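The block underneath contains the structure these notes are about, expressed in structure tokens.
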Ligand SMILES: *[C@@H]1O[C@H](CO)[C@@H](O)[C@H](O)[C@H]1NC(C)=O
């Protein structure tokens, strides 16, 4: 009787293992602390979304980079971000990311409007940053999620892209992707320039993406 039970349990375990692709292996949230490998400058390579309505917002982004740095408060990460929306338009700003365990909370103030985001980071390729961003509506409910894969240079190996697609599937994202280029906005922290003035000569270290 006991042996039969063990056999039945083993059969059940292997069945469920084949039914679910190894999502448990693929999707491991990072516990965020001062040792997390998330600091420094990151260049966006690809993003995905979980609701069709989120697609157009992301598609307006031509390039994006972020810089994450620790602060004197171990529960707070300083974020600087810069998005290129088209040839001439760069949006950038700073925000504080408040950390609690595997989730983070950020308020972005863009053109006078505040937008609230919950974030999670996952284990990914080395020199990559995988970040899930939930946009919150004013009532605190989710408007939907984006999944972003950043790398140090903006370039990504094909095998790393395949892993990203599997991770996105495990996390319930649509099999749709927006690839951005590495025509990065200059770092507005280095020089303060009046709006409209070009600062393209800045060292943006552009490297072509490997498409
Ligand atoms: C981040 O937090 C620090 C300390 O509270 C504050 O001085 C700074 O203005 C904040 N930065 C932003 C962009 O909100």
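Quick notes
- Screening residue 94 against (1) within 16 Å of the ligand (Cβ to nearest atom); (2) modelled with pLDDT of 95 or more; (3) surrounded by 15 or more Cβ atoms within 10 Å (Cβ to Cβ) leaves a single unmet condition, (3).
- Pairs with Cβ under 6 Å, 6+ apart, first in the stretch 63-83 and under 17 Å from residue 31 (Cα atoms) and touching a residue at least 40 places away in the same chain (Cβ under 8 Å), second more than 11 Å from the ligand (Cβ to nearest atom) and assigned to a strand (DSSP E or B): 77/68
- Failed condition for residue 125, given (1) touching a residue at least 24 places away in the same chain (Cβ under 8 Å); (2) closer than 24 Å to residue 60 by Cα; (3) within 15 Å of the chain's Cα centre (by Cα); (4) surrounded by 15 or more Cβ atoms within 10 Å (Cβ to Cβ): (2)
- With respect to being in contact with a strand residue (DSSP E or B) (Cβ under 8 Å, 6 or more places away or on another chain) and buried (at least 17 other Cβ atoms within 10 Å of the Cβ), residue 36 falls outside the description.
Here's the yes/no breakdown for (1) at pLDDT 95 or above; (2) within 13 Å of the ligand (Cβ to nearest atom); (3) farther than 27 Å from residue 166 by Cβ:
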residue: 64; (1), (2), (3): yes, no, no
residue: 70; (1), (2), (3): no, yes, yes
residue: 73; (1), (2), (3): no, yes, yes
residue: 89; (1), (2), (3): no, no, yes
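- Strands (runs of 3 or more DSSP E) enclosed by the stretch 60-159 - at least 2 residues per element that are out of contact with any strand residue (DSSP E or B) (no Cβ under 7 Å at 6 or more places or on another chain): 89-100
- Residue 211 vs. criteria surrounded by fewer than 16 Cβ atoms within 10 Å (Cβ to Cβ), part of a loop (DSSP other than H, G, I, E, B), touching a strand residue (DSSP E or B) at 6+ places or on another chain (Cβ under 8 Å) and at pLDDT below 95: yes
- Residues that are within 16 Å of the ligand (Cβ to nearest atom) and either within 18 Å of residue 121 (Cβ to Cβ) or over 15 Å from the mean Cα position of the chain (by Cα) (or both) within the stretch 75-87 comprise 75, 76, 77, 78, 79, 80, 81, listed in sequence order.
- Among the residues making up the stretch 99-120, those that are surrounded by 14 or more Cβ atoms within 10 Å (Cβ to Cβ) and touching a residue at least 40 places away in the same chain (Cβ under 8 Å) are 99, 102, 104, 120.
- From the options 142, 131, 159, 126, residue that is within 20 Å of residue 52 (Cβ to Cβ) and out of contact with any helix residue (DSSP H, G or I) (no Cβ under 8 Å at 6 or more places or on another chain): 142
The values are calculated or read from the model by the stated rules, or taken from the named source; none is laboratory data. These figures come from a predicted structure and were not determined experimentally. Cβ atoms come from the backbone with ideal geometry, glycine included; neighbour counts cover every protein chain shown.
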